[in-house]
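The values are calculated or read from the model by the stated rules, or taken from the named source; none is laboratory data. What you are looking at is a predicted structure, and each value in this text was computed from that prediction instead of being measured. All Cβ positions, glycine included, derive from the backbone under ideal geometry; neighbour counts span all protein chains shown. Note: accessible area is taken over every heavy atom of the protein model, side chains too, but ligands, DNA and RNA are not part of it. Shrake-Rupley method; radii C 1.70, N 1.55, O 1.52, S 1.80 Å.
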Amino acid sequence: MSMRKLALVNARLYGRKSGDASPHLGVIIEGNRIVAVCDESEIADSIQCVDMQGYNVAPGFIDLLVNGAGGGAFGVTADFADLCNMGDTMMREGTTGFLAAAPSNTLPMYLKMQETVQNHLSEIPTNFMGMHLEGPYFSMEYRGAHREDCVRDCSDDELEALFGHPSHHVRMMSVSPERISSKQVEYLEDKGVKVSFAHSAASYEETLRFLDSPRHSVTHLFNGMPPMHHRKPGHIPAVFRAKPMTGIIVDGVHVSYEMVRMAYEFMPESLYLFTDRFSDCAAMNVSYDNEQDCFVRTAADGRKVICGSALSMMKAVRNCVEHVGISMGKAVQMASYYPAKVLGIDKNVGLLEPDYVANLVVYDDNWQVQRVMMNGTWTYERNN
């Protein structure tokens with residue numbers, strides 16, 4: 001028995017392989033898949049058409065590092081209600097896939113997060129794709145807002161405790177190569193974990209060796225790494241040379257828009273967006289700083305350290321278009337297709353193309369999300 005087909009018409013399509021807006025095209029969906037993108041005149045009369053009212057339609061966004069959203073910070077509290085708040089908030093913003101990030105913490109807390117997810121599998125937010133352990137194997141010098149008492153070297157015993165069972169729910173891990181051995185990195189990859197470079201004091205040469213593997217990515221360009229120096233090039237020239245899939249926080253706070261523009265000119269096919277967003281979190285002394293428009297952690301000595309953005313993925317796309325000069329089509333790919341490439345799911349997620357999962361965000365010219373579709377079903381519709 002065939003499933004009912006649905007066609008979205010009267011829309012501007014972004015996130016196709018061409019990267020350009022596509023007028024007069026309709027998206028035909030059957031079940032949870034896109035089955036065709038064709039001229040509206042070719043759509044059969046038997047197919048139900050839904051008028052998108054001239055709005056923009058793009059693939060649902062994928063955010064690979066989310067500390068908190070909607071008042072929840074699961075990676076700090078391990079509270080399932082926080083994870084649900086994060087998922088619901090981001091779904092309404094057009095993010096149909098996210099990794100809940102866990103900043104550097106203790107082994108018992110990581111195990112508690114795993115247990116929480118495992119105990120609530122039947123209730124898990126549909127856009128939750130797993131966890132991203134950001135740390136704890138980081139350089140002490142470049143740890144940023146990560147807790148000093150949690151940053152440490154990697155140990156085989158800890159890896160076995162975290163990943164020795166199939167239901168570890170970790171999709172990605174950010175590490176500093178000088179705090180973890182190549183054999184331990186291989187162990188993570190064998191367990192299905194995507195390994196990414198972050199918060200490191202490695203040299204230019206060490207960074208290039210780590211990035212020599214096509215499986216390795218960079219978590220956040222410019223942040224958590226030393227600046228360039230004419231005698232000690234450091235990480236940034238190594239990244240520009242190797243051009244791995246590389247995340248960047250486009251909020252104008254973590255990275256200036258001019259630096260985003262420079263990075264995009266060097267690596268337009270591998271720079272991807274993520275938010276690094278946070279929420280107020282008493283457990284980590286994290287609060288919103290209105291002056292800087294970001295979240296900060298107050299250290300024991302009273303210093304305020306930037307530890308997360310106030311971004312949504314839609315706002316990151318908007319910033320790319322309005323402040324960096326990147327085209328809408330390309331910015332959408334940076335928020336959907338390129339993050340999918342990092343996770344290795346880009347063959348069926350992240351584009352408006354046939355055989356891709358029907359995860360979509362519909363938004364107007366004022367960047368307001370009007371509708372969100374997940375697996376072929378509308379999960380959010382804005383009440384005007």
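Annotations for the structure displayed:
- For the stretch 59-75, filtering for residues that are part of a strand (DSSP E or B) and either at pLDDT below 95 or touching a helix residue (DSSP H, G or I) at 6+ places or on another chain (Cβ under 8 Å) (or both) leaves 8.
- Members of the stretch 48-75 found to be over 24 Å from His220 (Cα atoms), in contact with an Asp or Glu (Cβ under 9 Å, 6 or more places away or on another chain) and open to solvent by 10 Å² or more (accessible area, probe 1.4 Å), listed by number: Cys49, Gln53, Gly54, Tyr55
- Of the residues making up the stretch 344-362, none is more than 24 Å from Lys17 (Cβ to Cβ) and either in a loop (DSSP other than H, G, I, E, B) or touching a Gly at 6+ places or on another chain (Cβ under 9 Å) (or both).
- Residues in the stretch 1-47 that are surrounded by fewer than 18 Cβ atoms within 10 Å (Cβ to Cβ), outside any strand (DSSP E or B) and basic (Lys, Arg): Arg4, Lys17.
- When Ile34 is tested against (1) out of contact with any Asp or Glu (no Cβ under 8 Å at 6 or more places or on another chain); (2) modelled with pLDDT of 95 or more, exactly one condition is not met: (1).
- Some residue of the stretch 125-132 being over 23 Å from Gly308 (Cα atoms), in a loop (DSSP other than H, G, I, E, B) and open to solvent by 20 Å² or more (accessible area, probe 1.4 Å): yes
- For the stretch 86-99, the count of residues that are farther than 18 Å from Tyr337 by Cβ, of a type in the set (Val, Ile, Thr) and out of contact with any strand residue (DSSP E or B) (no Cβ under 6 Å at 6 or more places or on another chain) is zero.
- Pairs with Cβ under 8 Å, 6+ apart, first in the stretch 315-337 and under 17 Å from Val369 (Cβ atoms) and of a type in the set (S, T, N, Q), second assigned to a helix (DSSP H, G or I) and modelled with pLDDT under 95: none
- In this entry, Leu311 passes the filter for residues that are open to solvent by less than 10 Å² (accessible area, probe 1.4 Å), within 15 Å of the chain's Cα centre (by Cα) and modelled with pLDDT under 95.
- Cβ pairs under 6 Å, 6+ apart, first in the stretch 197-211 and in contact (Cβ under 8 Å) with a residue 24 or more places away in the chain and farther than 12 Å from Val239 by Cβ, second of a type in the set (S, T, N, Q) and assigned to a loop (DSSP other than H, G, I, E, B): His199/Ser139; His199/Ser176; Ala201/Ser139
- The stretch 98-111 - residue that is part of a strand (DSSP E or B) and touching a helix residue (DSSP H, G or I) at 6+ places or on another chain (Cβ under 8 Å) and, of those, farthest from Asn127 (Cα to Cα): Pro103
- Being out of contact with any strand residue (DSSP E or B) (no Cβ under 6 Å at 6 or more places or on another chain) and among the β-branched types (Val, Ile, Thr) is true of Val357.
- Of all residues in the stretch 76-97 being closer than 17 Å to Gln114 by Cβ and outside any helix (DSSP H, G or I), the one that is most open to solvent (accessible area, probe 1.4 Å): Asp79
- Residue in the stretch 170-182 that is open to solvent by 40 Å² or more (accessible area, probe 1.4 Å) and assigned to a loop (DSSP other than H, G, I, E, B) present: yes
- For the stretch 138-162, residues that are over 12 Å from Leu107 (Cβ atoms) and either in contact with a Pro (Cβ under 7 Å, 6 or more places away or on another chain) or of a type in the set (Phe, Trp, Tyr) (or both) total 4.
- 2 or more residues modelled with pLDDT of 85 or more: qualifying strands (runs of 3 or more DSSP E) within the stretch 183-293: 194-197, 246-248, 271-273
- For the stretch 141-150, taking the residues that are over 23 Å from the mean Cα position of the chain (by Cα) and in contact (Cβ under 8 Å) with a residue 12 or more places away in the chain, the one that is most open to solvent (accessible area, probe 1.4 Å) is identified as Glu141.
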